[in-house]
Amino acid sequence: MLRIGFADYYLDNWHANYYPGFLREAIARHGVDAAVTHAFAIHDSPPDGGVTTRGWCRERDIVPAGSMEELVDSVDAVMVIAADNAAWHERVAELPLKSGRPVFVDKTFAPSLAAGKRMFALAEGHGTPVFSSSAQRYCQDILDWQAVHKERPRFVSTVGPHSLDSYAVHQLEPIVALMGTGVKRLKAFAVGSAVTQLILDYGDGRLASFVQSPQPYAEFNFMASDGENGARLKSDGRNFYHNLMKVILDFFVTGKVPVPHEETLEILAIIDTAREARRRPDTWLDIVI
C-alpha cells in the first residue's frame, strides 16, 4: 500500500482541510492501493488560533508525526501544502525534497524564481521526483480543448480573483499549459492598486491577457482562440480537484513528473516580472529564467 503524508506550515488551512478527503475519494474511485496515513506541521496551529495538529489528525484518522523526519520515514509520498504560505515552502519541503520519495508541492511552488530553482536543484540532487500545479490546470474544459486542438492557441485570456502573490498561479497555469513556455516579455497597465492587468507576449504573434481583480470578486474565466474561433473554458467547480487528485496519485505510483519543471519555473519568472511591471506600468519587461 502506498502511504501518503501531509507536510505543512500549519494544518488548519483550506487545502489541508479538504485535500485528504479529495485524495481518499480519488483512491476509492480509481481503485488505487493507497492511503493518507501521516501528517506533520512546523507550527501546531494557525497564529490566530484554530485546530491543532493532533486535533486535525484526529478528525481525519491520520497519525500525527512527531517531526518532519518521522513523517518522511513513515510514508512513501509527500504532499507539501502551505498553500497560503508559499514563502515557507522551501523550509517545509526541505526534508521531503531530500527523501527520494515523490513530492507534490501545492501552489504556488515557490515565492520567487530563485527559490524555485533552489528547490528543484535540491530535489534533483537527491533523486526526488517533484511537481507542482494549480488545480486550474486540470479544469475539464481545458483538458478537452487540449485533446481536440493539437496546435497551441494563438490567444488566451484569463480573469481571476485575489492577489498576485497567492493567486496569480491559478491564471498563469492555464496560460502556460495551453500555450507552452516561451513568453518573451510582459507589460502591466496602471489600472489601480488592487488590480493587475497584464499582456504576455510570446514574440511570435501569440499573446495572453491576464486580469486579476479582488474587488468586485472576479470568478475564474478562461478563453482560448486559434485566431479564427474561440471558446470559453469554464472553471468547473470540483472537477478540477478530482482531476488533480488523479494526476497526483498517478505521479505517486509511477514517479513520472506530469508538469515539466520548465513550465513551473516560467510561471515563477512571470510572477517575479509582474511584480516589477506593476511598479513600472506601460513598460515592456523581458522574462528572464
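The values are calculated or read from the model by the stated rules, or taken from the named source; none is laboratory data. Keep in mind that this is a model prediction, so the values were computed, not measured. So basically every Cβ, Gly included, is an ideal-geometry build from the backbone, and we count neighbours across all protein chains shown.
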| query | Does region 152-168 include one or more residues that are within 19 Å of Lys107 (Cα to Cα), in a loop (DSSP other than H, G, I, E, B) and of a type in the set (A, V, I, L, M)? | reply | yes
| Somewhere in region 139-147, is a residue in contact with a Ser or Thr (Cβ under 7 Å, 6 or more places away or on another chain) and either within 21 Å of His261 (Cα to Cα) or assigned to a helix (DSSP H, G or I) (or both)? | yes
| request: Considering only region 33-62, state which residues are surrounded by fewer than 18 Cβ atoms within 10 Å (Cβ to Cβ), assigned to a loop (DSSP other than H, G, I, E, B) and of a type outside the set (Gly, Ala, Ser). | output: Asp33, Ile42, His43, Asp44, Pro46, Pro47, Asp48, Asp61
| message | So, in region 1-49, exactly how many residues are farther than 20 Å from Val247 by Cβ and of a type in the set (Ser, Thr, Tyr)? | response | 4
| Is at least one residue of region 277-288 closer than 26 Å to Leu113 by Cα and in a strand (DSSP E or B)? | yes
| said: For region 185-195: of the residues being out of contact with any helix residue (DSSP H, G or I) (no Cβ under 7 Å at 6 or more places or on another chain) and over 9 Å from Trp284 (Cβ atoms), which is modelled with the highest pLDDT? | reply: Phe189
| query | Limited to region 9-32, what total is found for residues that are assigned to a loop (DSSP other than H, G, I, E, B), touching a helix residue (DSSP H, G or I) at 6+ places or on another chain (Cβ under 6 Å) and closer than 19 Å to Pro96 by Cα? | reply | 2
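To keep it simple, each residue is scored yes or no on (1) assigned by TED's automatic domain parsing to the domain that holds Asp76; (2) of a type in the set (S, T, N, Q); (3) surrounded by fewer than 20 Cβ atoms within 10 Å (Cβ to Cβ); (4) within 30 Å of Leu2 (Cα to Cα).
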site: Tyr202; (1), (2), (3), (4): no, no, yes, no
site: Ser209; (1), (2), (3), (4): no, yes, yes, no
site: His242; (1), (2), (3), (4): no, no, yes, yes
site: Gly255; (1), (2), (3), (4): no, no, yes, yes
site: Thr264; (1), (2), (3), (4): no, yes, no, yes
| message | Residue pairs, Cβ under 6 Å, 6 or more apart or interchain, first in region 66-89 and more than 17 Å from Lys107 (Cα to Cα), second among the hydroxyl-bearing types (Ser, Thr, Tyr). List them. | response | Val72/Ser99
| task | Residue by residue through region 90-148, note down the ones that are acidic (Asp, Glu), free of Cβ contacts under 8 Å to residues at least 40 places away in the same chain and buried (at least 18 other Cβ atoms within 10 Å of the Cβ). | result | Glu90
| query | With respect to Glu276, is the statement that it is free of Cβ contacts under 8 Å to residues at least 12 places away in the same chain and of a type outside the set (Ser, Thr, Tyr) true? | reply | yes
| How about region 96-115: which of its residues are of a type outside the set (Phe, Trp, Tyr), outside any loop (DSSP other than H, G, I, E, B) and touching a strand residue (DSSP E or B) at 6+ places or on another chain (Cβ under 8 Å)? | Pro96, Leu97, Val103, Val105
| message | Among the listed residues Pro102, Pro174, Pro161, identify the single one that is in contact with a Pro (Cβ under 7 Å, 6 or more places away or on another chain) and at pLDDT 95 or above. | response | Pro102
| remark: Trp284 fails exactly one of (1) touching a helix residue (DSSP H, G or I) at 6+ places or on another chain (Cβ under 8 Å); (2) touching a residue at least 60 places away in the same chain (Cβ under 8 Å), namely (1)
| note | Residue hits (region 174-232; of a type in the set (Val, Ile, Thr) and in a loop (DSSP other than H, G, I, E, B)) are Thr181, Val183, Val191, Val195
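For residues in region 149-158 being crowded, with 16+ Cβ neighbours inside 10 Å and not hydroxyl-bearing (Ser, Thr, Tyr), which is nearest to Ile81 (Cα to Cα)?
Initially, region 149-158 is screened for residues crowded, with 16+ Cβ neighbours inside 10 Å, giving 152-158.
Going one step further and asking which of them are not hydroxyl-bearing (Ser, Thr, Tyr), we end up with 152-156.
Values: Arg152: 31, Pro153: 32, Arg154: 34, Phe155: 32, Val156: 29 Å.
Result: Val156.
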